[in-house]
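In what follows, a structure is listed as structure tokens, so that the remarks can point back to it.
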Amino acid sequence: MYKICVIEGDGIGKEVIPAAITVLKATGLEFDFNYAEAGDEVFEKTGVALPEKTIEAAKNADAVLFGAAGETAADVIVKLRKILDTYANVRPVKSYNGINCLKTGIDYVIVRENTEGLYAGIEAEIADGITTATRVITRSASEKIFKFAFEMAKNRKEEGKSGKVTCAHKANVLKITDGLFKRTFYDVSKGYNLPAEDFYVDAMNMYIISRPETFDVVVTSNLFGDILSDGAAGMVGGLGMAPSGNVGDKYGLFEPIHGSAPDIAGKQIANPTATILAAVMMLRFLNENKIAEMVEKALEEVLELKLTTPDLGGTLSTSQMAEEVSKRLKN
Ligand code: ATP
Ligand code: MG
């Protein structure tokens, strides 16, 4: 029995999370779903976007499944990632058949450092009209993220993938911070018998477009990971297709990359794929690899048959698409 903290949040979170729950229930696994509030709606009601009760529920769960927070996102999801010390942001990039991807044969993962870099929160106006932001890179946080990336590559190699780890940085300009980042990458790589390479982030940006099929695990710092992964998502069908996981030594929080999409909320046309794939990542985090594989296969079939929401060319509603995936799990 897995204890899952479920946070639907705002907008289409209220549609895509129930869709993913429908699918999880069809796996035959036993879940204890604990629903908790966060986001704009609870903020308007109570003045607090991330209630203490929700933090407790997240800490007491085996994993957290998160939908979206609207205006309050920074006070909800950025804060939750910090509280749960989920130092790795994992963003799979995969081209599925039947989806309008810019290239085929793409299957790699971007691992983004989630705690420091330019997101360290150290900004200042040092004089009128002069502002600064401090980019923090530490050996300890870098070691942690690189070990995480190489462990992931090791597992992927066992599944028949290349197991290559690619580090993206800007050490030619950011000589001290990314100098340390790059050195630490190769230090950590010595502990593994896996291919390791590095590129400047600008070149990397070109390669994820020109030859994305050559990557397996890409690891980078906070802001670079943010930018690279949205471009990468654009290559494989866009926001409705892209899941992510925030993982630390103890906690895991899984969510679609997209936000609350108020323009399409309440219409049952939101694509549930990203959230169902986030649930698949959660199942792997819980070591339910066989079940995760089953769910992904069922979803792949539904995508290929175009039993999808309108954004992917189908005619089904959010919940109907989830039902199609569920049906295939029950058989
Ligand atoms: P937020 O401030 O919560 O991020 P947003 O208005 O920026 O909200 P996003 O959720 O980031 O909206 O998405 C941007 C656009 O992409 C949406 O307006 C919507 O049209 C589209 N979109 C996002 N997610 C989905 C989805 N799951 N299915 C279909 N379209 C989506
Ligand atoms: Mg947005």
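Quick look at the values:
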| item | result |
| --- | --- |
| The range 232-282, residues that are within 15 Å of ligand 2 (Cβ to nearest atom), out of contact with any strand residue (DSSP E or B) (no Cβ under 6 Å at 6 or more places or on another chain) and of a type in the set (Val, Ile, Thr) | Ile264 |
| Subset of the range 225-256 [touching a helix residue (DSSP H, G or I) at 6+ places or on another chain (Cβ under 7 Å), more than 8 Å from ligand 1 (Cβ to nearest atom) and without any contact (Cβ under 8 Å) to a residue 60 or more places away in the chain] | Gly231 |
| Residue count, the range 119-152 (criterion: closer than 19 Å to Val188 by Cβ and either in a helix (DSSP H, G or I) or at pLDDT below 95 (or both)) | 14 |
| Number of positions in the range 257-283 that are modelled with pLDDT under 95 and more than 7 Å from ligand 1 (Cβ to nearest atom) | 1 |
| Lone qualifier among Glu15, Glu56, Glu71, Glu30 - being over 26 Å from Phe199 (Cα atoms), crowded, with 23+ Cβ neighbours inside 10 Å and of a type in the set (D, E, K, R) | Glu15 |
| Hits in the range 14-71 (condition: assigned to a helix (DSSP H, G or I), of a type in the set (Gly, Ala, Ser) and either within 26 Å of Gly266 (Cα to Cα) or touching a residue at least 60 places away in the same chain (Cβ under 8 Å) (or both)) | Ala19, Ala20, Ala58 |
| Residue match in the range 208-216 (condition: free of Cβ contacts under 8 Å to residues at least 60 places away in the same chain, part of a helix (DSSP H, G or I) and closer than 14 Å to Ile137 by Cβ) | no |
| Residue in the range 93-112 that is more than 17 Å from Ile208 (Cβ to Cβ), in contact with a strand residue (DSSP E or B) (Cβ under 6 Å, 6 or more places away or on another chain) and either of a type outside the set (A, V, I, L, M) or not in a helix (DSSP H, G or I) (or both) present | no |
| Evaluation of Ile291 against (1) aliphatic (A, V, I, L, M); (2) touching an Asp or Glu at 6+ places or on another chain (Cβ under 6 Å); (3) more than 15 Å from ligand 2 (Cβ to nearest atom) (one fails), failing number | (2) |
| Residue in the range 268-277 that is farther than 21 Å from Lys25 by Cα, hydroxyl-bearing (Ser, Thr, Tyr) and not assigned by TED's automatic domain parsing to the domain that holds Met204 present | no |
| Condition met for Leu305 (more than 13 Å from ligand 1 (Cβ to nearest atom) and surrounded by fewer than 20 Cβ atoms within 10 Å (Cβ to Cβ)) | yes |
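The values are calculated or read from the model by the stated rules, or taken from the named source; none is laboratory data. Being a predicted model, the structure only gives us computed values, none of them experimental. When we count neighbours, we look across all protein chains shown, and the Cβ atoms used for this are built from the backbone with ideal geometry, even at glycine.
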